[in-house]
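A short worksheet on the structure shown next.
The values are calculated or read from the model by the stated rules, or taken from the named source; none is laboratory data. No experiment lies behind these values; they were computed from the predicted model shown. Please note: Cβ atoms are built from the backbone with ideal geometry, for glycine as well, and neighbour counts cover all protein chains shown. Note: areas computed on protein heavy atoms with side chains; ligands, DNA, RNA excluded. Shrake-Rupley method; radii C 1.70, N 1.55, O 1.52, S 1.80 Å.
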Amino acid sequence: MTFVKITERSSLYDNLENKSVTEILTDINNEDKKVAIAVEKAIPQIEKLVSQIVLRMQQGGRIFYMGAGTSGRLGVLDASEIPPTFGMPDTWVIGLIAGGDNALRNPVEKAEDNMEKGWLELQGHNINDKDTVIGIAASGTTPYVIGALREARKHGILTASISSNPDSPLSQEADIPIEIIVGPEYVTGSSRMKSGTGQKLILNMITTATMIKLGRVKGNRMVNMQLSNAKLVDRGTRMVSEELGIDYKQAKNLLLLHGSVKKAVDAVKMQAAPSPA
């Protein structure tokens, strides 16, 4: 198959500067509707990846996201949400971006063009064959990401990719390539738009499904979330109150005593359990 860079094709719309605000917003919204459909088509590959990640994380493995620009920022964002949402250590899902943390706010010239840097950064985290490396690049051609996946794969580490072009160089380096063909961007080449939206959807799916299968969710609730602000303490208190059938004040005291919804509920249920004969 010939590699086609759809992400660089001309927009389906033109003379954008002459459109009304309503026309612009409507056009963007119509394009965004295509993203969920593209992601839906990739579910079999996403399922395959999540199943493999769960097995590895049960043995102490980690997820590493690798990306540059928007792709890198989205990886770091998803990784940063795992500790507060699921109460996991920040060493379980790690986002690496070409150019380092400075690149989260500012472009770092030529950082993404270094083919060796990504693997060196992974080695700095003592990467091993229980880990998973997920390369994110809308174009599927970012050297920083391609080099990292290539070396990881050579070392027997599970690799996956998320890109918006079919049969890209990045896909060829991945054990599990995930391709979301969202078509040309509304502003030609601006992959922060549909491609970025698709990436965010997939990252949500990967880590949320993984954390659920690892037991970090009960029913439909974040019972292991960090109690890092008043809103989350209130949410956790209501969970404990509903689960145990007790009043708000009692539930809050239990929650703060034990530090999480799960620990508070488990402690009370353990106390209430009959002693073995």
**Report entry** Set Glu31, Glu23: member being outside any loop (DSSP other than H, G, I, E, B), modelled with pLDDT of 95 or more and open to solvent by less than 40 Å² (accessible area, probe 1.4 Å)
**Finding:** Glu31
Query raised in the report: Can you name the residue in segment 179-210 that is over 18 Å from the mean Cα position of the chain (by Cα) and within 11 Å of Val39 (Cβ to Cβ) and, of all such residues, is most open to solvent (accessible area, probe 1.4 Å)?
Result: Ile181
Requested in this report: Just name the residue that is farthest from Gly135 (Cα to Cα) out of those in segment 160-172 that are surrounded by fewer than 24 Cβ atoms within 10 Å (Cβ to Cβ) and without any contact (Cβ under 8 Å) to a residue 40 or more places away in the chain.
Outcome: Gln172
Report summary line: Within segment 46-85, residues among the small types (Gly, Ala, Ser) and part of a helix (DSSP H, G or I) come out as Ser51, Gly69, Ser71, Gly72, Gly75, Ala79, Ser80
Requested in this report: Using the structure shown, decide if Gly219 is surrounded by fewer than 14 Cβ atoms within 10 Å (Cβ to Cβ), over 24 Å from the mean Cα position of the chain (by Cα) and of a type in the set (Gly, Ala, Ser).
Outcome: no
Query raised in the report: Any idea which residue in segment 6-20 is farthest from Ile202 (Cα to Cα), counting only those that are open to solvent by 80 Å² or more (accessible area, probe 1.4 Å) and under 27 Å from the mean Cα position of the chain (by Cα)?
Result: Arg9
Query raised in the report: Condition test on Leu149, is it open to solvent by 10 Å² or more (accessible area, probe 1.4 Å), on the phi < 0 side of the Ramachandran plot and not in a loop (DSSP other than H, G, I, E, B)?
Result: no
Query raised in the report: In this structure, is Leu257 of a type in the set (A, V, I, L, M, F, W, C), open to solvent by 70 Å² or more (accessible area, probe 1.4 Å) and assigned to a helix (DSSP H, G or I)?
Result: yes
